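These notes are about the structure you will find just below.
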Amino acid sequence: MLARRASLLLTTEATRDLPTTEGSVETPMASSGVRRLATRVVAVPVLRAGLGMLEGFLEVVPSAQVGYFGLERDERTAVARCYYEKIPARLDEAVVFLLDPMLATGGSAATAVEGLHERGARFVRFLCIVAAPEGVARLQAAAPDALIYTAALDRGLDERKYIVPGLGDFGDRLYGT
């Protein structure tokens, strides 16, 4: 529930400057004017914890295409490796939203943004619920053009590279494992 609500709010903020176009919608009573996004949007949750943010994102942008990055962090080295990817084509024509609830060391985020850039993405926005200053700094250094949206900037990382005070392992909390 927390992930859906937070991602709904983050998505609203992260899409507010995207171009729109006028359209119309038919209601049971009459036709009404509306504003629609005028740009292609791709949402890419980082498996598995990022899936918890996808529902809220799609409530705001139901027309978004969805891709996936499977990343896992080596607990000894804190280095991320990609084990799965399924990304829509022609990312150069889209604004890409990378969804991952935690931005700790920034390694996974930097790896994912690099992967998106390699596939042609020019406009990447990273949405997370909790971030550590170390992760923000690393992502900004690795991808200065990526915009970061977070609900909370926590104190920092502990010796195991977990965000403090943080939320623990978000995927485990989300899926009860």
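The values are calculated or read from the model by the stated rules, or taken from the named source; none is laboratory data. Small disclaimer: the values here were computed from a predicted structure and weren't measured. Note that we place each Cβ from the backbone using ideal geometry, even for glycine, and neighbour counts take in every protein chain shown. Accessible surface areas use protein heavy atoms only, side chains included; no ligands, DNA or RNA. Shrake-Rupley method; radii C 1.70, N 1.55, O 1.52, S 1.80 Å.
Please specify each residue of the range 136-161 satisfying the condition of being in contact with a helix residue (DSSP H, G or I) (Cβ under 7 Å, 6 or more places away or on another chain) and either assigned to a strand (DSSP E or B) or under 14 Å from residue 102 (Cβ atoms) (or both).
Here is the first cut: in the range 136-161, the residues in contact with a helix residue (DSSP H, G or I) (Cβ under 7 Å, 6 or more places away or on another chain) are 138-139, 142-143, 146, 148-149, 151, 153, 156-157.
The answer is 138, 139, 148, 149, 151, 153, 156, 157.
Looking only at residues in the range 52-73 that are part of a strand (DSSP E or B) and of a type outside the set (A, V, I, L, M), which one is farthest from residue 128 (Cα to Cα)? Applying the filter and picking the extreme gives 65. The one condition from (1) on the phi < 0 side of the Ramachandran plot; (2) over 14 Å from the mean Cα position of the chain (by Cα); (3) open to solvent by 60 Å² or more (accessible area, probe 1.4 Å) that residue 123 does not meet is (2).
Determine, yes or no, whether residue 73 is open to solvent by less than 80 Å² (accessible area, probe 1.4 Å), of a type in the set (Lys, Arg) and either touching a Phe, Trp or Tyr at 6+ places or on another chain (Cβ under 7 Å) or closer than 22 Å to residue 111 by Cα (or both). Walk me through how you get there before you give the answer.
Working: open to solvent by less than 80 Å² (accessible area, probe 1.4 Å): yes; of a type in the set (Lys, Arg): yes; either touching a Phe, Trp or Tyr at 6+ places or on another chain (Cβ under 7 Å) or closer than 22 Å to residue 111 by Cα (or both): yes.
So residue 73 fits the description; yes.
For the range 1-30, the tally of residues that are assigned to a strand (DSSP E or B) and open to solvent by less than 70 Å² (accessible area, probe 1.4 Å) stands at 5. Taking the conditions exactly as written (part of a helix (DSSP H, G or I), more than 18 Å from residue 53 (Cβ to Cβ) and either of a type outside the set (Val, Ile, Thr) or open to solvent by less than 10 Å² (accessible area, probe 1.4 Å) (or both)), does residue 112 satisfy them or not? In short, no.
Just one of (1) touching a strand residue (DSSP E or B) at 6+ places or on another chain (Cβ under 9 Å); (2) on the phi < 0 side of the Ramachandran plot fails for residue 90. It is (2).
Put simply, of 87, 129 the only residue that is touching a residue at least 40 places away in the same chain (Cβ under 8 Å), open to solvent by less than 80 Å² (accessible area, probe 1.4 Å), of a type in the set (Val, Ile, Thr) and under 18 Å from residue 153 (Cβ atoms) is 129. Scanning the range 132-140 for residues that are over 22 Å from residue 74 (Cβ atoms), modelled with pLDDT of 95 or more and crowded, with 19+ Cβ neighbours inside 10 Å turns up nothing.
What do you reckon, is residue 49 under 20 Å from residue 151 (Cβ atoms), at pLDDT below 95, part of a loop (DSSP other than H, G, I, E, B) and aliphatic (A, V, I, L, M)? Give the derivation first.
Details: under 20 Å from residue 151 (Cβ atoms): yes; at pLDDT below 95: yes; part of a loop (DSSP other than H, G, I, E, B): yes; aliphatic (A, V, I, L, M): yes.
In short, yes.
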